[in-house]
Every structure is written in C-alpha cells, then in structure tokens.
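Single-structure report; data block below.
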Amino acid sequence: MGATATGKSKLAIDLALRFGGEVINSDKVQVHDGLDVVTNKVMGDERAVVPHHLIGGVHPDADYEVADFRGDATRAVESVLARGRVPVVAGGSNRYLEALLDGEPGFRRQHDLCFLWVDAELRVLDQYICDRVDGMVEQGLVGEVRELFRLDADYSRGIRKSIGVPEMDVYFRREVAGALDGNDDLRSCLLARAVGEIKANTCELARRQLEKIHRLRGLPGWSLRRLDVTRVLALKVEKAAKDAEAERAAWEADVVAPATRVVEMFLSGKAADDGRDDDAAGLRVAAKEGAAGAGSAAETSCACHCARAHASPSPPVRCAWLVVTSARAPARAWLAITAAHTPALACLPVAAARARARP
C-alpha cells in the first residue's frame, strides 16, 4: 500500500523475486489496455522476470468496477496459491483493496495477511511527483494521450479517467482546430498549463490515498508496517549530482531490508513485531490482526508549485499485501504490497471487464 510514486511496484517485484511470488495489480487504471506511460505500468522486461496479473486486458472504454476487481483478484490469488507461490498484491486503489479483503465473503477466514505501507514525507514526495511527470512527458505522454483523444470523449469512463488525460483536453482541442499551427508560444503555454495541472492533481491524489490509508490503519484487521522511502526519493530529486549507487543502497537499506524481515517472519508464522516501539520512530508495526492504530490525518495542502497547480476450522493461508497473503492451509502464503521466477507463465485474463468492453 502507499501513495502514488512511492515505489510500490518496485518493492512488489523485489519481494516476489526473494520469496517466489507473483504480483497481482490493484491499480484500477492499470487494468486497462493502453496509456502505459500515463498510468506508469510495469514494463515488459520486468513482467518477464516476475509474472504479473491484472495488468491490461480491459478495453480502454470499459468501466472496471469494484466487483470486477474483487472477482478477478480472488481468482488470481487462488491461482497463484494453487501453484505453491506467494501472491503479492500491489497498487494504489485502496477502495478496491478494501472491497477485496472486507467485501469478499470468507476472504479473511481463508487467508492470513501481511500489510506493507510504503510512505514518504509529503514535501519530498511532491517534488518527486513533479519530476516524474516531467519524465513522463519526455517519455511520450503527449503523443500517447493524443492517440486516445476524441472531441466527444467521456472523461468519466474507462481509462480516460486517468490523471494525465483530461488535463490535456484544451491543448488537443486547440491543436485539432489548428490554433497551434505556427504559434509555438501558445503551444508551449498550453502544454505547460496542462503539465502543471497533471502535477497538481497527482499531488492531490497522493493526499487522498494517504487519507484512506490512515482511515484503514485505524480499523481492526489493518495492521500496517510503514516503510520510509523518503531518503530514496530525496536522492532521486537531487539536482546537483545524481548518484545511482547511493539510491540503490538507500532503497535496499530503508525499504527492501525491513520489508524482507517482516515478510520472512510472516511466512514463517512468527509475529512481525520484534519488540521495538516503532511508533516512536514514526513506524507502526502491529503483530496481531485486529490491533487498531489511531492514524493522523494526512496533510491537505499541495506543496507542489505547479501552474494551476479470522475464525476458521482450518488454518489460514499466509498472504502479504503491499499486501502479502497466505492461504489458511499449511505452507501456503501470499503478500500484498499497498512476492520465483516463471517467465513462461501466462497471466490470468480480466474476463469480467473485457466482456463488457464496447466494440
């Protein structure tokens, strides 16, 4: 779990490689086909190393509802567990995750869960978000959205709801009308305005996601282990001198190593709490499902300076969420991150939403 741009997908892959897992996407926009840059999908080379489920497969115009995800994700989890592997659920759509765990009858009775929360200081996260949007523009965001643009587009449906699409509407309308032909100043101005809105809206999304996480961590059954990625992101946005080796070292020390310890204990059946008072350090480790923590409210201002800016008769399977999970049966487990290597394995189709896709 975690706000956008905190590294959930990267951690999911790292844990999957370490624990013989497969990643199940819980990002509601990444289930659609298209807009790989805008939605920041895991690339093909990474998916060749670790199998991913629920990435693509849904028509861009189709709506993908909570019930669709709940059914598809449940089938994906069971498929991964049936092969003796660890399901690692990763994504930023916390409402969908909550619907799976608390809305699917029997899910918590059948699975043990381990929650990992990738978090960062908002000031640093905002700056990284702005830099990442600039990178997306360099990677082809404008051309990608142009291919999807229609004058009668409905931005309340399908993949067009994604941040990065509605913000470009004025730019493309002017472009289609010919108003940008030979007028580089207007083109640059409109593009800068659209990019600024994308940055600001992404910062706002991060805050909404954090508000949901703080709400969830105060509920029974949502014991979150916080992993602080602030130092990693600060190194990424450092303008003076990029140090890839320092970034990798910080990622391993601050995120991967503590996450690995938590998951190892979880999969071995031990409590995740090793006796430390992590609340004092800004971390929360709750070993028992049902422990409640009072979450502080997320900050609401956007610091990004942009233009417009479980009782069961049989033992549960272990699972982990970034979320990591495991089934309630001996030697079965899974991870959810909000974890070996079977490149030839075909990922599950997203049948429900695909069936409703418009021709």
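The values are calculated or read from the model by the stated rules, or taken from the named source; none is laboratory data. None of the values given here were measured: they were computed from a predicted structure. Cβ atoms come from the backbone with ideal geometry, glycine included; neighbour counts cover every protein chain shown. Accessible surface areas use protein heavy atoms only, side chains included; no ligands, DNA or RNA. Shrake-Rupley method; radii C 1.70, N 1.55, O 1.52, S 1.80 Å.
Accessible surface comparison of Phe266, Phe19, probe 1.4 Å, protein chains only, largest first: the order is Phe19, Phe266. Glu264 label point, 7 Å along Cα→Cβ, cut-off 17 Å on backbone N: hits in the stretch 7-36? Correct set: 14-21. Computed extension gain for Arg173 through Arg109, at 0.36 nm per residue and net of the alpha carbon distance, reaches 17.9 nm. Between the amide H of Trp117 and those of Arg225, Arg226, Leu227, distances stay under 5 Å, these residues lying 5 or more places away or on another chain, with hydrogens modeled in the peptide plane. Each peptide in 109-122, 137-150 receives the mean, over its residues, of other Cβ atoms within 10 Å, and ordering these scores from highest gives 109-122, 137-150. Ligands, DNA and RNA aside, Arg207 has an accessible area near 10 Å² when probed at 1.4 Å. Phi-derived couplings, Karplus 6.51 cos²θ - 1.76 cosθ + 1.60 at θ = phi - 60°, listed residue by residue for the stretch 123-137: 4, 6, 4, 4, 5, 5, 4, 4, 5, 5, 5, 4, x, 5, 5 Hz, with x used for Gly and Pro. Fully extending the segment from Asp254 to Arg123 would add 45.3 nm, taking 0.36 nm per residue of separation and subtracting the current Cα-Cα distance. In order along the stretch 59-64, the Karplus-derived 3J(HN,Hα) couplings, from 6.51 cos²θ - 1.76 cosθ + 1.60 at θ = phi - 60°, round to 4, x, 8, 7, 7, 10 Hz, and Gly and Pro are given as x. Can you give me the Cα centroid spacing of the stretch 2-57 and the stretch 107-130 in angstrom? If you average the Cα positions of each part, the centres end up 14 Å apart. Heavy-atom accessible surface of Asp61, to the nearest 10 Å², is about 20 Å², with a 1.4 Å probe and all protein chains retained. Computed from the C-beta positions of Lys161 and Glu78 and an R0 of 22 Å, the FRET efficiency is 0.15 to the nearest 0.05. Considering the zone a paramagnetic label at Ser188 would reach in this model (a point 7 Å from Cα along the Cα-to-Cβ line), which residues of the stretch 125-167 have amide N under 17 Å from it? Within reach of a label on Ser188, which here means backbone N under 17 Å from a point 7 Å along Cα→Cβ, the stretch 125-167 contributes 138.
Pair-distance distribution of the stretch 183-261: all C-alpha pairs, bin width 5 Å, starting at 0; shares per bin in whole percent are 3, 12, 12, 12, 17, 16, 12, 7, 4, 3, 1, 0. If the reach is capped at under 23 angstrom between alpha carbons, list the lysines near Lys242, excluding any in the same chain fewer than eight residues apart. Counting by Cα, and skipping residues close in sequence, Lys242 has these lysines nearby: Lys8, Lys10, Lys199.
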